[in-house]
Amino acid sequence: MQNRKNSVCVIGLWHLGSVTASCLASLEVETTAFDFNQNLINNFHDLILPIDEPGLLTFIKKGVESKNLKFTSDLEDIKNHKYYWITYDTPVDYNDQADVNYVLDNICNLNNYLPNDAIVLISSQVPIGTCEKIIKIFQDKYSKKLNIFCIPENLRLGKSIEIFLNPDRVVIGHDDDLKKSEVKYLMDKITNNQIWISNKSAEMAKHSINSFLATSVVFANEMASICEQVGANADEVSLALKSEQRIGKYAYLSAGGPFAGGTLARDVVFLNKISEEKEISTPLISSIIKSNKNHKEWALRLIKKDFKNQKKLNIIILGLSYKSGTNTLRRSHSLEIASFLTDLSEKIYLYDPKIHKVENKLPKNIFLKNQLFSLDDIDIIISTRFWGNQVEEIMNIIKTNKKSIFIYDINRNLFKNIKEFQKLNCAYRTIGFSP
């Protein structure tokens, strides 16, 4: 990696950073992937990834073999690049509050190694005004000019490689045209469909998109709750909604579980804070988090109704990861469900073919299983995430069990199998459906 004329230094390596770096390398862009965490870099060298994302390992292998991709924690390797792409995954706590200082502090720690007049692309999820704040900090504190371009991340767990390399469009924020042609040269390698707006508008666009998606999820689930009570089918209602030209077939209007993981909620919270600070009344946005939290207890409410006089139930929860096909437990809805049910349960088993360990200590009556076997006394199956042979695995549990089982299908993945379950004397429950 000798010639750094058009090289990119990707800074901050977890999901966003590892995908960004490996995809750039696949486009034959000379890419240095940097993180302060030496253990993380050692793992990359050993091809141990921080997250399981389809295709990512293959892309990283090819990037390293082609010498287009280098992983490092050496600050000297940051110097002399054409572009600096900030890709820290902004941490979010259990109240959906983002730790923006984590991103800002890491950027400021680069001050001695970022050249004056550097081109800096910001893709970390940060509140509106952050780009302006970074420019001011470097100007006032370090006497350096940074040319900042806000490029909101657009990844989706399980499809990140595909989305990065084939986006429907890329939003690019900038506040002057001095370095626009140079950034356009890089972004043209990804897509020609570019929307150029101001940095603040790009930051606000990210908040708006995620808050709209979060609103759609909440709206669909509230409609599904009504469907359950009046005998309508939420899938059929969703079909009608998406056929409406003004809404569209890809709208987030399918009944299912709540949004989780902090990604959507983070931007809703950003907007709520702005509304409070500016004394703006936004009752719809303000109610999104509350409604979503209420929906998280859907299974708990139905279980209490179905088992009014019975406690100490044996429960298995199928699916733990944030998204199917990945191994991240980021703000796992399934773990929340397990915590809701501990008072009602004798034993709660957790199973996901992608999850082999849970970092936080589990309560004494919750057990992580690495395989599905020897489960012959189950009262309840809760399905949150779906994988290819899950129906077969459920059938095995049903057939070896001593009693009838209640199935709670949070994302309606098993709805087409309802008659098979009923034939085996199982009660089937799903969101937006009245049995």
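The values are calculated or read from the model by the stated rules, or taken from the named source; none is laboratory data. Nothing here was measured: the structure is a model prediction, and the numbers come from that model. Surface areas here come from the heavy atoms of the whole protein model, side chains and all, with no ligands, DNA or RNA. Shrake-Rupley method; radii C 1.70, N 1.55, O 1.52, S 1.80 Å.
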Normalised alpha carbon radius of gyration of segment 187-242 [divisor 2.2 N^0.38 Å]: 1.73
Kirkwood Rh and Cα Rg combined as Rg/Rh, segment 284-435: 0.94
Convex hull volume per residue in cubic angstrom - Cα atoms of segment 329-391: 102
(1) 21.4; (2) 23.6; (3) 22.4, with the label sought being that of the calculated Kirkwood radius over Cα pairs in Å: (2)
Amide H contacts under 5 Å for Arg330, placed H, 5+ residues apart: Tyr322
Carbon/sulfur fraction of accessible area - the chain, other protein chains in place, 1.4 Å, %: 49
Segment 227-346: relative contact order as a whole-number percent, Cα under 8 Å and 6+ apart: 23
MRE, 222 nm, helices only [DSSP H, n ≥ 4, -39500 (n - 2.57), over the chain, to nearest 500]: -12000 deg cm²/dmol
Rg(Cα)/(2.2 N^0.38 Å) for segment 63-132, N = residue count: 1.28
Set of aspartates and glutamates near Lys354 by C-alpha distance (under 12 Å), chain-local residues within fewer than 8 positions excluded: Asp52, Glu53
Over 24 Å between alpha carbons, listed pairs Lys311/Lys369; Lys159/Lys290; Lys62/Lys357; Lys312/Lys361; Lys61/Lys184: Lys159/Lys290; Lys62/Lys357; Lys61/Lys184
Accessible area per residue in Å² at 1.4 Å probe, computed on segment 81-156: 41
Whole-number percent relative contact order across the chain, with pairs defined as alpha carbons under 8 Å at least 6 apart: 12
Spatially proximal lysines relative to Lys179 (Cα-Cα < 26 Å; intrachain offsets below 8 disregarded): Lys5, Lys70, Lys79, Lys82, Lys133, Lys136, Lys141, Lys144, Lys145, Lys189, Lys200, Lys206
